[in-house]
Amino acid sequence: MRMRSLNRSSVLVAVVIGTMVPLGCRTAEPADPTVVRADSAGVRLITSGPEDRALAWTFTEIGPLSDADGNPWVFDAVSPVRVLTDRGGRTYVIGGDTAVLRFGRDGRLDRVLGAAARGPGGFLRPVRIAAQADTLVVTDLGKGALVRFGPTLDPVEDRPLDGALATAEWHAYRAGGLWLVQGSGGEERVHRSVLRADTLSGAPLLEAEDATIVAHAEGPRVVAHRPSTYEVRLFEGPRLLAMVRRPVDPAAVAITRLALQKDGTLWVERTVPGVVEARRLDVFGPDGVYVGTLEGRGVPVGLLPNGEVLFVRARADGPGVVIVRTNIRR
């Protein structure tokens, strides 16, 4: 079995990132009568009830991403910002400090991009992978640049992390622009994170002191959370579309990760502060209404066009983790 190193990302995570795909091609959950819907200046306010509802879903593992011979590919760790899926059903994963691994529709490795180098197509410390139209873009903090691959996956010139990107803790692309999260320490050593759309000019979309804005972009939209409330904000460009809420005790629940999938579903990972094992995953439908909760499962890291969800699972026979293609049915 092959081992490949995957460094933990220091950028903001939405860690994302899994999915309530077709789920057996059935309709969405019926509306919860306890849900309160309101509207404030064009912003939808969706508040679901505080009681958890267990989801009796069936998870069927199809198999882990593997090498060309079918042996599971083992990573040190995986976060959603290091995983990307495309319209062709392929999955790209940052594989340590030297390469991006592409796995085909059958889940087997079919291409390796990059090498340890300073020129175009080379990596020193890649931390995030994204797509800008037909271009694959990898943020490399070691090079201080965006390492880019064109539609044929041939390297193109790096783009330096300058201007607004030079001070960005996190960024992602959307149609017509990009998302930025800036951070500053300040004289009082209070860390302030600011979510912006496109440039540093204008009012910030979301701001938090002594906390991290957890954000993940999917197409033109982004979701963000500011502690210490159970409120997730959905933006499209500079416009706030909705606030998704549950009235739970913030002293007993901490949101740790968010995932917004291509099908519009929202996944919220929460824990009990100080209790690592007490992890729950809340699922919300495209309408922002709470669907239910899963126990002991983290947010998915990807969604494939055929409805398969990519989850991270610890190896049973040694250290490291694997990425598993999974079907979900209710």
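Note on Asn306 and Asp110: the model spin-label points, each 7 Å out from Cα along the C-beta direction, lie 1.1 nm apart.
Sorting check: for 124-132, 66-74, which peptide has the highest mean count of neighbouring beta carbons within 10 Å, and how do the rest follow? All intermediate terms of the calculation are to be shown ahead of the outcome.
Details: 124-132: 18.6, 66-74: 15.9.
So the order, starting with the most tightly packed, is 124-132, 66-74.
How do Tyr173, Tyr290 line up, fewest other C-beta atoms within 10 Å first? Intermediate values should be presented prior to the final figure.
On the way: Tyr173 17, Tyr290 26.
With the sparsest Cβ surroundings first, the list reads Tyr173, Tyr290.
Just add up the charged neighbours of Lys143: K/R +1, D/E -1, any other residue whose Cβ is under 15 Å from the Cβ of Lys143. Before the final figure, lay out the partial values.
Working: positive: Arg118, Arg125, Arg128, Arg148, Arg159; negative: Asp97, Asp140, Glu157, Asp158, Asp162.
That sum, taken over residues with Cβ under 15 Å, equals 0.
Could you please rank Thr47, Thr98, Thr152, placing first whichever residue has the fewest other Cβ atoms within 10 Å of its Cβ?
Details: Thr47 20, Thr98 17, Thr152 6.
Listing Thr47, Thr98, Thr152 from fewest to most nearby Cβ atoms yields Thr152, Thr98, Thr47.
Every number here is computed from the coordinates shown, using simple stated rules; none is lab data. Keep in mind that this is a model prediction, so the values were computed, not measured. Every residue, glycine as well, gets a Cβ built from its backbone with ideal geometry; the counts of neighbours run over all protein chains shown.
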